[in-house]
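This report concerns only the one structure given below.
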Amino acid sequence: MKYVILIGDGMSDEPVERLGGKTPLEAAKTPNMDSIAGAGRFGLYATVPEGYPPGSDVANLSILGFPPAKYYTGRAPLEAASIGVELSSTDVAYRCNLVTLVENGESTIMDDYSAGHITTEEAAELVRDFDAELAGSDGIRFYPGTSYRHLMVWENAPEGVSGVDATPPHDISDRSIEGHLPIGPGAEKMAELMERSQAFFRGHPVNKRRIAEGKKPATSIWLWGQGLRPAMTTISERFGVEGSMISAVDLMKGIGIYAGLEVLNVPGATGYIDTNYEGKVSYAMESLREKDFVCIHVEAPDEAGHQGSLEDKLTAIEDFDSKVVGPVLTALKATGEEFTVLVLNDHPTPVELKTHTSDPVPFARCTGAELAATTEAAKFSENGAKATGLVVDDTDRFIEAFFRGE
């Protein structure tokens, strides 16, 4: 048996007036996801337990069968693993966004949580130079990641600083940062570093070039998602299967590493609608020649939601269906082997809110035999899933049903 999980990050949404009251999933053409929904188990999965923030970290841990109550320590430690940064038991890791802040009267506005989707090369230059400027003072180190997503580590951090309250920048797009700066243990150090970055970035050659090209500059770092190193059992230990993770996002790569999966880096995987969909499918099928399981994660619908772009979100959903789900199903059928495929997203990212919500998400799971035996389809959407009456809120049961065919 081959096992495949296909995650279209942030696909689910809320009714949009411009779509006649439909959600993007309802309006999009998704024949391949519809076929899976019609063939097997179709319903809602509560990926965000009560009391947890609706982040991709919490939700994707739930998808892969790691209850957040047991395994979640923060987003940044997972991303640290993805870029090869080993954390000691006393190190605290922080997600470090490069953002664009603008002044509007007496307010400072979060103009762009991604600094205009700054390139990885430009961002790496900024992050490395800022790290060199600090020269490791107070045990603070910065590590470049991908595009706007980077890492800060506070080595041998004071006890308790991982408990600071820090707001994700995508939660306050186009809003004042007042009231959203870090609060609690270690907050003063975080604020100090953010202010120092603003002074350092102001005259940096990378930003001068971006401004000259009509692009948004990276005006500041933004620290959030902090945590200590987690301890996780692997999927192989739990279910006896070997697998791979395919994603453009450091968070997913880090979850994959802690889950004992081989992380496959696909050339041209960007995390947006220009990503290399075909490459992801090719790498996945090649991996399944030797392994039992692969997870393909596509970030584009989530990014479109954060940008508030309905057009890009519809494109991202339809591309996910036609360029990932469809080709994977075709390739699986061609192998002649038995397979189980699961398609879902981690959390809603409504285009009109530009941030995540905690609502349960639609999921559909079927075997190759079920897919071959039915010609019916069910619309893969929030309302379609709700109409089935199936709601799953047990993380252990969800992943066990996937791997054990329950």
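All of the numbers you see were taken from the coordinates with simple rules; none came from a lab. The shown structure was predicted, so the numbers you read here are calculated from the model rather than taken from an experiment. Positions of Cβ are backbone-derived with ideal geometry, glycine not excepted, and every protein chain shown enters the neighbour counts.
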* If you project the alpha carbons of the stretch 92-227 onto the principal axes, what extent comes out on each, in Å, largest first? -> 44, 31, 22
* Asked: Just how far, in whole angstrom, is the stretch 286-311 from the stretch 51-94 if you go by their alpha carbon centroids?
  -> 19 Å
* Computed E for GLU125/LYS29 - FRET, C-beta separation, R0 41 angstrom, nearest 0.05 -> 0.50
* Asked: Can you give the charge dipole size of the chain about its Cα centre, rounded to the nearest 20 debye, using +1 on the beta carbon of Lys and Arg and -1 on the beta carbon of Asp and Glu?
  -> 500 debye
* Asked: Of all DSSP beta bridges in the chain, what percent run antiparallel (nearest 5)?
  -> 60 percent
* **Sites ARG238 and GLU286 - FRET efficiency at Förster radius 25 Å, r taken between beta-carbons, to 0.05** => 0.50
* Report Rg/Rh for the chain, rounded to two decimals, where Rg is the Cα radius of gyration and Rh the Kirkwood radius. => 0.97
* Structure fact -> Here the FRET efficiency for ASP174 versus GLU103, based on Cβ atoms and R0 = 22 Å and rounded to 0.05, is 0.95
* How far is it, in nm, from the label point at LYS386 to the one at MET1 when both lie 7 Å from their Cα along the line to the Cβ? -> 3.2 nm
* Structure fact -> Around TYR72 (Cβ within 13 Å, Cβ-to-Cβ, excluding TYR72; K/R +1, D/E -1) the net charge comes to +2
* **Difference of contour (0.36 nm per residue) and Cα-Cα distance, ARG404 to THR357** => 13.9 nm
* Structure fact -> Final fewest-first order of TYR45, TYR52 on the 10 Å Cβ neighbour count is TYR52, TYR45
* Structure fact -> A correct fewest-to-most ranking of GLU159, GLU370 by other Cβ atoms within 10 Å would be GLU159, GLU370
* Structure fact -> Taking 295-305, 190-200, 113-123 and ranking on average Cβ neighbours within 10 Å, highest first, one gets 295-305, 113-123, 190-200
* Asked: On alpha-carbon atoms, Rg over Rh for the stretch 188-300 using Kirkwood Rh?
  -> 1.12
* Formal net charge of residues neighbouring ALA304 (Cβ-Cβ distance under 9 Å; K, R +1; D, E -1) -> -3
* To do: Taking the convex hull of the Cα atoms, report for the stretch 1-121 its projected area averaged over all directions, in nm².
  => 13.5 nm²
